[in-house]
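Written out below as structure tokens is the structure these notes cover.
Read-outs: derived from the displayed coordinates by stated rules, not from any lab. None of the values given here were measured: they were computed from a predicted structure. Positions of Cβ are generated from backbone atoms using ideal geometry, with glycine treated the same way; all protein chains shown enter the neighbour counts.
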């Protein structure tokens, strides 16, 4: 059996491509009550290969190998309700990111307070 490094590398890369397609990173949407949710996933990949052989085919052989790895981690969900879109993070980190996560809730509360004040003025 003859070893073909190029053919092996192409097969490994083909597998990586099939795993890292858009449908993997942005998952299929699903309904949760009146919300539409779309999972968002972070993907990391690693790839390595090597080959070698003897200078004289009579005294030695040829060999090679390749390997790849892939890691996937959910990072959050895009959530829509009507014409509003929010990103809900899976990990609750502290700092600036957590502030931005709360912005949609704050805006919604401010709008509701404004509506309540307008109703009171009309009475």
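Please give the length that would be gained between residue 111 and residue 41 if that part of the chain were fully extended, namely 0.36 nm times their separation in residues minus their C-alpha to C-alpha distance (nm, one decimal).
The span from residue 111 to residue 41 would gain 22.0 nm if fully extended.
Grab the beta carbon distance between residue 59 and residue 4, set R0 = 22 Å, and tell me the FRET efficiency rounded to 0.05.
Efficiency, rounded to the nearest 0.05: 0.50.
Using a 10 Å cut-off on Cβ atoms, rank the peptides 82-88, 71-77 from the highest mean neighbour count down.
71-77, 82-88
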